[in-house]
């Protein structure tokens, strides 16, 4: 796609007519602006806040994101992927917190599209501190959080009703916190540029069609072999994106995150010689300032490690694993990131979102709803009201 993001596609045989059909559908998505959430992926997106609003809170160094699922996963992915550029301290209340935390005075950003998410309401309630500043990001629908914000005289930023949580990373939900982190919002917006790039579109279409072929042949497990600790939360974002968008009508893809090279010593045997329902994505980010080994602690039989840094060792393990996968004809693709930046991360958000939308078209499922999740919410309220 560019010099800083190198993709090696699955080695699949694809029909030219299928590639053309999917490319045509992709053009249709761009021309019709469907799904509507793609508006937030574009450079001319109109936010519910302005630069003055950012300046009002920019002096606060401790930020606490309170939200579930897509209300926090995208923001956390941004924070950890680009953490070396960020001087502020962010914490994430993204699961039910059973005991009150003693925390420093913070800016709380409370995020829920519906404004009625139980865990978000409970977490804010249990952490409430009169000295904190609060920003609520929610729909303007007279919901619980909007009423609470008005009661507390806190700022409310509108969560657009056409943007679902798992598609909200480049909207107010992800970009307001990103700007408060000191990151450049405009650099994340790569959709306009990518949608016209032949190489990007070819990579995208090839990966989608290959994945669809796997699903048709009963390969349902998408295993991410992640060699970058700072990308762990990016793949948790990806996990929700794939699971909630495609997992319906007895269809779907099961995204599994594997931490490498740790899992070489626990799960790799299964990957290489177990059941055949998996396909794989290798992912690594180049580390230019990696530590070197201490040569004085290396014995003669490990002389070859002298002058090697830890990233070189890590990357050698990745290449070795790819070589064995290739030898065993195990399907895989590979992402090699040469430079961490807002721009690179923006391209990754675009690539995987478009991939999921195209897969939903081929699988004939609605990527925008999650009806079964709503069943659990209703059942929980029913139990609590007894």
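The values are calculated or read from the model by the stated rules, or taken from the named source; none is laboratory data. Since the structure is predicted, the reported quantities are computational estimates derived from the model, not experimental observations. Here Cβ is always computed from backbone atoms with ideal geometry, including for glycine, and neighbour counts include all displayed protein chains.
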- part of a loop (DSSP other than H, G, I, E, B) and either surrounded by fewer than 17 Cβ atoms within 10 Å (Cβ to Cβ) or at positive phi (or both): does that describe residue 307? yes
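Give the residue, chosen from 60, 65, 7, 54, that is in contact (Cβ under 8 Å) with a residue 12 or more places away in the chain and either over 30 Å from residue 89 (Cα atoms) or surrounded by fewer than 13 Cβ atoms within 10 Å (Cβ to Cβ) (or both). It would help to see each step written out before you state the result.
Values: 60 fails: either over 30 Å from residue 89 (Cα atoms) or surrounded by fewer than 13 Cβ atoms within 10 Å (Cβ to Cβ) (or both); 65 fails: either over 30 Å from residue 89 (Cα atoms) or surrounded by fewer than 13 Cβ atoms within 10 Å (Cβ to Cβ) (or both); 54 fails: either over 30 Å from residue 89 (Cα atoms) or surrounded by fewer than 13 Cβ atoms within 10 Å (Cβ to Cβ) (or both).
Of the residues listed, the single one that is in contact (Cβ under 8 Å) with a residue 12 or more places away in the chain and either over 30 Å from residue 89 (Cα atoms) or surrounded by fewer than 13 Cβ atoms within 10 Å (Cβ to Cβ) (or both) is 7.
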- Item | Total residues in the range 332-344, condition touching a helix residue (DSSP H, G or I) at 6+ places or on another chain (Cβ under 8 Å) and assigned to a helix (DSSP H, G or I) | 2
- Only one of (1) surrounded by fewer than 17 Cβ atoms within 10 Å (Cβ to Cβ); (2) under 22 Å from the mean Cα position of the chain (by Cα) fails for residue 168. Which number is that? (1)
- Item | Filter result for the condition that a residue is out of contact with any helix residue (DSSP H, G or I) (no Cβ under 9 Å at 6 or more places or on another chain), surrounded by fewer than 13 Cβ atoms within 10 Å (Cβ to Cβ), in a loop (DSSP other than H, G, I, E, B) and not assigned by TED's automatic domain parsing to the domain that holds residue 240, over 386, 329, 382 | 386
- Can you tell me which residues in the range 203-234 are assigned to a helix (DSSP H, G or I) and either free of Cβ contacts under 8 Å to residues at least 60 places away in the same chain or not assigned by TED's automatic domain parsing to the domain that holds residue 282 (or both)? 216, 229
- Task: Identify the single condition in (1) in contact (Cβ under 8 Å) with a residue 60 or more places away in the chain; (2) under 29 Å from residue 37 (Cβ atoms); (3) out of contact with any helix residue (DSSP H, G or I) (no Cβ under 8 Å at 6 or more places or on another chain) that residue 127 does not satisfy, given that it satisfies every other one.
- Result: (2)
- Taking residue 236, is it in contact with a helix residue (DSSP H, G or I) (Cβ under 9 Å, 6 or more places away or on another chain), surrounded by fewer than 23 Cβ atoms within 10 Å (Cβ to Cβ), within 16 Å of residue 332 (Cβ to Cβ) and at pLDDT 95 or above? no
- Query: Could you say whether any residue in the range 78-90 is within 25 Å of the chain's Cα centre (by Cα) and under 23 Å from residue 381 (Cβ atoms)?
  - Reply: no
- Task: Answer yes or no: is there a residue in the range 35-49 that is part of a loop (DSSP other than H, G, I, E, B), out of contact with any helix residue (DSSP H, G or I) (no Cβ under 6 Å at 6 or more places or on another chain) and surrounded by fewer than 17 Cβ atoms within 10 Å (Cβ to Cβ).
- Result: yes
- Query: Can you name the residue in the range 363-379 that is in contact with a helix residue (DSSP H, G or I) (Cβ under 9 Å, 6 or more places away or on another chain) and either at pLDDT 95 or above or not in a helix (DSSP H, G or I) (or both) and, of all such residues, is nearest to residue 171 (Cα to Cα)?
  - Reply: 368
- Query: Which residues, counting only those in the range 72-89, are surrounded by 17 or more Cβ atoms within 10 Å (Cβ to Cβ) and either on the phi > 0 side of the Ramachandran plot or assigned to a helix (DSSP H, G or I) (or both)?
  - Reply: 73, 74, 75, 76, 77, 78, 79, 80, 81
- Subset of the range 10-34 (residues that are under 30 Å from residue 330 (Cα atoms), in contact (Cβ under 8 Å) with a residue 40 or more places away in the chain and assigned to a helix (DSSP H, G or I)): 18, 19, 22, 23, 25, 26
